[in-house]
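Every read-out reported here was derived from the displayed coordinates using simple, explicitly stated rules and does not represent laboratory data. This structure is a prediction, so every number in the text was calculated from the model and none was measured. Positions of Cβ are backbone-derived with ideal geometry, glycine not excepted, and every protein chain shown enters the neighbour counts.
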Amino acid sequence: MFTEEILKKYADVMIWGLETARKSTGGVYKPGDVIFLSFDLDALALTEEIYAKLIARGMHVVTRLRNTPKMERDFYTLANEEQLKFLAPWSSTMNENFNGLIGLEAPSSLTHLAGIDPKRFATASLAAKPLMEIRDKREAAGEFGWTLSMMPTQALADQAKLSLREYAEEIVAACYLDEDNPVAAWENLKRDAEEIKRWLLQLDINTLHIESNNINLKVKVGDRRKWLGVSGHNIPSFEIFTSPDWRGTEGIYYSNMPSFRSGNLVKGVRLEFKAGEAIKVEAEEGEEFVRKQLEMDAGARRLGEVSLTDKRFSPITKFMANTLFDENVGGEDGNCHIAVGASFADTYAGDVYTGNTSDLSEEKKKELGFNDSALHWDLINTEPKRVTAYMKAGASIVIYENGKFRI
C-alpha cells in the first residue's frame with residue numbers, strides 16, 4: 001500500500017518518536033540498547049524498515065508478532081481463570097531490560113471480541129498491570145521510551161467508511177509523510193506545542209470548565225501538574241493534555257465519536273461525575289460493555305486525563321476508527337477527550353523547589369489525586385466547545401474556543 005519511499009520516511013518518524021519520548025525524561029539511546037518491536041502482520045513492511053534502521057544504529061532488536069484476531073478470540077473464549085492471569089516467567093525480566101518499545105498496530109478485525117464477557121478482559125488487564133508499572137518507573141528514570149503508530153488495513157477502512165487508498169492517504173497526511181523531511185515537520189510542531197504548554201503552566205490553573213452542546217464538565221487540574229503533548233509517544237500526536245486531580249471532577253461528559261475497544265464498538269457514551277466518580281453511565285450502543293469496563297477496578301470510574309487538540313496542528317479530518325488517530329482529529333472544531341482510568345505519572349511537575357520528580361511515590365500520587373487503574377480509555381468529543389480556565393488566584397480566561405487555543 002505504501003511506496004518504499006513512504007515506508008522509509010515512516011520508519012524515520014517512528015525512530016524520531018522513540019528518541020523524543022525518551023529525551024522527555026532525560027534519557028538518550030546508544031548502541032547496545034535493547035528495543036522491543038511489536039507488530040501486527042499487516043504492519044510487516046514498516047516493521048522491516050524500522051528493524052533495518054535500528055540494527056544499523058547498533059541496537060539489539062527483539063521482535064514480536066502479535067496474536068491474530070482468531071487467537072485473541074480463542075484466548076478470551078477458552079482460557080480459564082489461571083490462563084487469563086498468566087504472565088510469562090520472563091515478562092518481568094524483559095520489561096526491566098528493554099530500553100525502548102515501538103508498537104505498530106494493523107488490525108485485521110475491530111469487532112472480533114464482541115459478545116465476550118468484559119470481565120475476562122478486566123482479569124487479563126489487571127494481571128498485566130505490574131508490567132506497566134515497571135515500564136512507568138523506568139520511563140520516569142529516563143531508562144525507557146516508547147512510541148506507537150498504525151498501518152492501514154481493510155478492516156480499519158471499512159469501519160471508517162473509506163476506501164483503503166483514502167485511509168492510507170489520511171495516515172500519510174497525519175504523519176507528515178508527504179513532506180520532503182517529515183522529521184523536520186515534527187520538530188517544528190513540537191516547538192509550537194512547547195509554547196502552548198508553557199503558557200498553560202504559567203496560568204497556574206485551578207479548574208477547567210468544558211462546555212459544548214452535550215458537555216458541562218468541571219475538572220480540577222491539581223497541584224504540581226504539567227502539560228504534555230507532541231512528546232514522541234504517539235505518531236501522530238497533536239493533543240495537549242494533563243492528568244488532573246480526579247477528586248475534583250463534576251458534571252456531564254459526552255463522547256460523540258464512536259470508540260472501538262477490546263474488539264467492541266461503543267457509541268454515544270455519556271458519563272455523569274459527582275465527587276470525582278462517574279455515578280451514571282449511559283451509551284447509545286454498547287452500554288453494558290461500558291459499564292463492565294468501568295467496574296474493572298476502583299479507579300476505572302475516575303478521571304485519568306483531560307486533553308485538547310488544536311485544529312491548526314492536526315491534518316486529521318476524518319473518523320479513523322482508531323483511538324490513536326481519532327483522539328488527535330482536527331477538523332472544523334478540534335476535539336477534546338477525557339480518559340477514564342489511569343493517570344500519566346509523567347504529568348507530575350516535580351518538587352516545588354527543585355523540579356525533581358523522583359519523589360513521586362504511591363503515597364504522593366494519592367495525596368495529589370493521581371488516579372490508579374488498569375484501565376485507560378480515551379473518550380472523544382468533536383463538538384464546538386469553549387474551555388474556561390479558573391486560576392488559583394481567582395481570575396478566569398477562555399483558553400480554548402473554535403477548535404484552537406487562544407494564545
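Subtracting the Cα-Cα distance of Asp180 and Asp204 from 0.36 nm times their residue separation leaves 4.7 nm of extension gain.
Exposure proxy for Tyr29, Tyr253: other Cβ atoms within 10 Å of each Cβ, ordered fewest to most, give Tyr29, Tyr253. Each pair of Cα atoms in the stretch 1-92 enters the Kirkwood radius, and Stokes-Einstein at 37 °C and 0.692 mPa s then converts it into a translational diffusion coefficient of 211 µm²/s. Considering only Pro31, Pro384, Pro244, give the residue with the highest GNM mean-square fluctuation for the chain, with springs between Cα atoms whenever their separation is below 10 Å. Taking springs between Cα atoms under 10 Å, the residue moving most is Pro31.
Note on the stretch 195-405: semi-axes of the ellipsoid equivalent to its C-alpha gyration tensor, largest first and rounded to whole Å, are 24, 21, 16.
Share of pairwise Cα-Cα distances greater than 17 Å in the stretch 52-120 is 60 percent (whole percent). Subtracting the Cα-Cα distance of Lys280 and Ser92 from 0.36 nm times their residue separation leaves 63.9 nm of extension gain. Cα-based values for the stretch 294-407, radius of gyration first and Dmax second, are 16.3, 44 Å.
Here the calculated FRET efficiency for Glu4 and Leu44, from their Cβ-Cβ distance with R0 = 22 Å, stands at 0.95, rounded to the nearest 0.05. The shape of the chain can be summarised by an equivalent ellipsoid whose semi-axes, obtained from the alpha carbon gyration tensor, come to 29, 25, 23 Å from longest to shortest. The Lys53 and Asn356 beta-carbon pair, evaluated with R₀ = 41 Å, returns a calculated FRET efficiency of approximately 0.75. Would you work out if the stretch 4-183 is rounded, prolate or oblate? Take a ≥ b ≥ c from the square roots of the eigenvalues of the alpha-carbon gyration tensor; rounded if a/c is under 1.5, else prolate when a/b is larger than b/c, oblate otherwise. Since a/c reaches 1.5 but b/c is at least a/b, the shape of the stretch 4-183 is classed as oblate.
For the stretch 214-265, the fraction of C-alpha pairs more than 18 angstrom apart is 57%. When each of the peptides 274-283, 45-54 is scored by how many other beta carbons lie within 10 Å of its residues on average, the order from highest to lowest is 45-54, 274-283. Per-residue Cβ neighbour counts within 10 Å put Cys175, Cys336 in the sequence Cys175, Cys336, beginning with the fewest. The simple spin-label model puts a point 7 Å past each Cα toward its Cβ; for Arg386 and Asp136 those points are separated by 3.6 nm.
Setting aside same-chain residues fewer than 8 positions from Lys220, which lysines have a Cα under 20 Å from its Cα? Here the lysines satisfying the reach criterion relative to Lys220 are Lys197, Lys274, Lys280, Lys364, Lys365, Lys366, Lys385, Lys392. The amide H of Ser262, built 1.01 Å from its N in the peptide plane, has no neighbour under 5 Å, considering only residues 5 or more places off or on other chains. Among Asp372, Asp33, Asp351, a tally of other beta-carbon atoms within 10 Å of each Cβ gives an order, fewest to most, of Asp351, Asp372, Asp33.
Fully extending the segment from Asn188 to Lys218 would add 7.6 nm, taking 0.36 nm per residue of separation and subtracting the current Cα-Cα distance. The H on the amide N of Val61, modeled in the peptide plane, is under 5 Å from the matching H of Ile35, each at least 5 residues off or on a different chain.
Once the Cβ-Cβ distance between Gln83 and Glu363 is put in as r, and R0 is 41 Å, what FRET efficiency do you end up with, to the nearest 0.05? It comes to 0.75.
Report note on the peptides 387-393, 209-215: ranked by the mean count of other C-beta atoms within 10 Å, highest first, their order is 209-215, 387-393.
Under 5 Å from the amide H of Val340 lie the amide H atoms of Gly304, Trp377, Leu379, each residue being 5 or more positions distant or on a separate chain, with H modelled from the backbone and absent for Pro and chain starts. In this rough spin-label picture, where each label sits 7 Å from Cα along the Cβ direction, the Arg165-Val28 distance is 4.7 nm.
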